[in-house]
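Student: Have a look at this one before I ask anything.
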Amino acid sequence: MLAVSALVEGRDRVEVATLFKVSVRAVDNWWAKWQAGGRGALLSRARGRRVGEHQVLSEAEQAAVRQAVLDHIPSDLGLSGQLWTRRQTGELIFKLYRVRFTEPGVGKYLKRWGLTFQRPDKRAVEQDPEAVRLWHEETWPAIRARAKAENAEVLFGDQVGIRSDQVTGRTWGAKGTTPIVRRTGNRFSVNAMSAISTRGRMHFMVFTESFDAKVMCRFLARLVGHFDRKIHLIVDRHSAHRSKTVRAWLAGHKDQIELQFLPSYSPELNPDEPRGSRSPTRPRYPTLRPASSSRTPRSPRYPPTPPSPAARKASGSRPG
């Protein structure tokens, strides 16, 4: 634009070329573009081909590879491993269409397809998808309806082991140097049984012995002592939960608590499952509030926040 402005002011094309350190031919091209299209013709444009143009794989081939990555693991398709990487995806493309891509090239396709590199959730091969579907569509709605009709509390229960030398989470450290956490070499462990409500209220009991029917009954006895209404406790199908001892205890407290069972091999359905196995796709159960309870009104903030000058002006009030 500056070179064209100089030409418009009457400067010679050779002088302008020398001033801007370009060839006379470049100056002539700029002048011709300016005369043909004005300022807009001189604006720079993105160079190269557009995204998606002249791709090696057709749209149908890309869609087929994308769906294969989403619906299968590599071993299902004659490749090694259970997790998709750029290399494995490239091997699949070569196997299907005899085209080789570099790993960065495969990564561009994956990004274009809306896929991201994630830590996968786990599912037991023994899990029955039909049982899970029935839980979502029939069993859980029925439990929720019963609890509402009985003015009862719904809890999810589970047990977990905790070790003294367990370190979870991440910390900051120098690049290339792994941080060190000092801990005792005299390890010990404890167990815990807990129950969490759909409103996030948790009850737990810590014990050192192995989890069995007696421990379960002790936990149930403590749990019912915290409530003045019936409890529907949802647990997995651990043998202790279904033992004769527990069933006998429940028979004597049927007006206080009742056990409901999740489908087998389905820990992802339990919000009380230990944090380490928590699934990012874990379902969110709606909050169940007993019919007799009412929300406590939120207390005002003290000291109250004074209105801004703009707000006072809009309302017509003046500061006192």
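The values are calculated or read from the model by the stated rules, or taken from the named source; none is laboratory data. Computed from a predicted model, the values in this text were never measured in an experiment. Counting neighbours? That spans all protein chains shown, and the Cβs are built from the backbone with ideal geometry, glycine included. For the accessible areas, the whole protein counts, side chains as well, though only heavy atoms, and no ligand, DNA or RNA atoms are used. Shrake-Rupley method; radii C 1.70, N 1.55, O 1.52, S 1.80 Å.
Student: Give me the pairs: first residue in the stretch 1-15 and under 12 Å from residue 32 (Cα atoms), second residue open to solvent by 100 Å² or more (accessible area, probe 1.4 Å), beta-carbon distance under 7 Å, and six or more apart or on different chains, which are they?
Tutor: If the second residue must be open to solvent by 100 Å² or more (accessible area, probe 1.4 Å), the pairs left are 7/13.
Student: Working only within the stretch 114-132, note down all residues that are without any contact (Cβ under 8 Å) to a residue 60 or more places away in the chain and either among the aromatic types (Phe, Trp, Tyr) or surrounded by 12 or more Cβ atoms within 10 Å (Cβ to Cβ) (or both).
Tutor: Answer for the stretch 114-132, where residues must be without any contact (Cβ under 8 Å) to a residue 60 or more places away in the chain and either among the aromatic types (Phe, Trp, Tyr) or surrounded by 12 or more Cβ atoms within 10 Å (Cβ to Cβ) (or both): 115, 117.
Listed here are the residues, each with its yes/no results for (1) without any contact (Cβ under 8 Å) to a residue 60 or more places away in the chain; (2) surrounded by fewer than 17 Cβ atoms within 10 Å (Cβ to Cβ); (3) hydroxyl-bearing (Ser, Thr, Tyr).
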| site | (1), (2), (3) |
| --- | --- |
| 150 | no, yes, no |
| 184 | yes, yes, yes |
| 193 | yes, no, no |
| 199 | no, yes, no |
| 214 | yes, yes, no |
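Student: Here's a follow-up. Take the stretch 225-249 and flag every residue that is buried (at least 17 other Cβ atoms within 10 Å of the Cβ) and among the aliphatic types (A, V, I, L, M).
Tutor: 231, 233, 234, 235, 240, 246
Student: Looking at (1) in contact (Cβ under 8 Å) with a residue 12 or more places away in the chain; (2) within 30 Å of residue 72 (Cα to Cα), which is the one condition that is false for residue 100?
Tutor: (1)
Student: Here is a follow-up. Could we say that residue 81 is modelled with pLDDT under 95, open to solvent by less than 100 Å² (accessible area, probe 1.4 Å), touching a helix residue (DSSP H, G or I) at 6+ places or on another chain (Cβ under 7 Å) and outside any helix (DSSP H, G or I) here?
Tutor: For residue 81, the condition - modelled with pLDDT under 95, open to solvent by less than 100 Å² (accessible area, probe 1.4 Å), touching a helix residue (DSSP H, G or I) at 6+ places or on another chain (Cβ under 7 Å) and outside any helix (DSSP H, G or I) - is met.
Student: Could I ask something else about it? Quick one: residue 160 ticks every box in (1) within 26 Å of the chain's Cα centre (by Cα); (2) among the hydrophobic types (A, V, I, L, M, F, W, C); (3) open to solvent by 80 Å² or more (accessible area, probe 1.4 Å) bar one, so which box is it?
Tutor: (3)
Student: Scan (1) loosely packed, with under 14 Cβ neighbours inside 10 Å; (2) under 28 Å from the mean Cα position of the chain (by Cα); (3) among the hydroxyl-bearing types (Ser, Thr, Tyr) for the single condition residue 89 breaks and write down its number.
Tutor: (1) is the only condition that residue 89 fails.
Student: Can you name the residue in the stretch 36-69 that is part of a helix (DSSP H, G or I) and open to solvent by 90 Å² or more (accessible area, probe 1.4 Å) and is also modelled with the lowest pLDDT among such residues?
Tutor: Restricting to residues being part of a helix (DSSP H, G or I) and open to solvent by 90 Å² or more (accessible area, probe 1.4 Å), the top hit is 39.
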